[in-house]
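Undergrad: Before we start, here is the structure in question, set down as structure tokens.
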Amino acid sequence: MKLLTTLLLLYVIAGAQTKPSTPPTAGTQPDYEQTRKWIVKKMGEAGYRHVVKGVLERTEVGSYDGLSMDDCNLSFTEIERTIDSDSDKTTKEIVVVPLSKVSNIKVSHLVTEILGWNEWNLMIETTPNAVSYRVSEIRHGEEKLTNSHLGSDTEMRFGTSPESDEDSVKRTKKALDRAVGLCKETNKNEPF
């Protein structure tokens, strides 16, 4: 009897465990969880490096941290470090985008030799005041909140790997379009 009870208990426990999501098969679309994981990983590759030439030469290095897409909200922190002959400043911008409020996602290519830019940008546009921002500045090791505001767009810049930036940004756009569609569909099905 103990053996039967133990086996039954193991069977119940095994059935209650969540199974890993399987990759989509040909002809099927990935679900939200698969899409979310792919986007978070791919957006981790985003970033940029600008060497601005001229009288006041400076270097700007940007990266993205804290990427998540939980509950149909894309959130990330853009960290930009600006170094010139007079200072070393870091700006942190925490951005939250509700995917169900996204109205358009665009890809653009920006090349400006004097500013040292060659990057692919992913512009995410939303309904009015849907994107929240919290911006702080770090100088001499001290962080100070500079502003918090709402807006209608944000962007992620891919400018660190010229060989793969175009492909990365276009694939990320396609995945984000999928996630937005899934989030809007989920919102439609809410009873209240």
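Just so it is clear, none of the values below were taken in a lab; they were calculated from the coordinates. Predicted model, so just to flag it, every value in this text is computed and none were measured. Glycine also receives a Cβ, built like all others from the backbone with ideal geometry; neighbour counts cover every protein chain displayed.
Undergrad: Keeping to region 109-146, report how many residues are in contact with a helix residue (DSSP H, G or I) (Cβ under 9 Å, 6 or more places away or on another chain) and part of a strand (DSSP E or B).
TA: Counting residues in region 109-146 that are in contact with a helix residue (DSSP H, G or I) (Cβ under 9 Å, 6 or more places away or on another chain) and part of a strand (DSSP E or B) gives 9.
Undergrad: Return only the number of the condition from (1) over 16 Å from the mean Cα position of the chain (by Cα); (2) without any contact (Cβ under 8 Å) to a residue 60 or more places away in the chain; (3) more than 30 Å from L56 (Cα to Cα) that V97 does not satisfy.
TA: All conditions are met except number (1).
Undergrad: Within the set of pairs 6 or more residues apart or between chains, which connect a residue that is hydrophobic (A, V, I, L, M, F, W, C) inside region 163-176 to a residue that is surrounded by 14 or more Cβ atoms within 10 Å (Cβ to Cβ) with Cβ atoms less than 6 Å apart?
TA: Partner pairs satisfying both residue conditions: V169/V107; V169/W120; V169/L122; V169/F158; A175/T35; A175/W38; A175/I39; L176/I105.
Undergrad: What's the total number of residues in region 89-103 that are touching a Lys or Arg at 6+ places or on another chain (Cβ under 7 Å) and of a type outside the set (G, A, S)?
TA: Matching residues across region 89-103 total 3.
Undergrad: For residues in region 40-69 being without any contact (Cβ under 8 Å) to a residue 24 or more places away in the chain and under 18 Å from the mean Cα position of the chain (by Cα), which is farthest from T112 (Cα to Cα)?
TA: If we take residues in region 40-69 being without any contact (Cβ under 8 Å) to a residue 24 or more places away in the chain and under 18 Å from the mean Cα position of the chain (by Cα), then K41 is farthest from T112 (Cα to Cα).
Undergrad: Of the residues I124, I105, I138, which single one is surrounded by 15 or more Cβ atoms within 10 Å (Cβ to Cβ), among the aliphatic types (A, V, I, L, M) and within 26 Å of R58 (Cα to Cα)?
TA: I138
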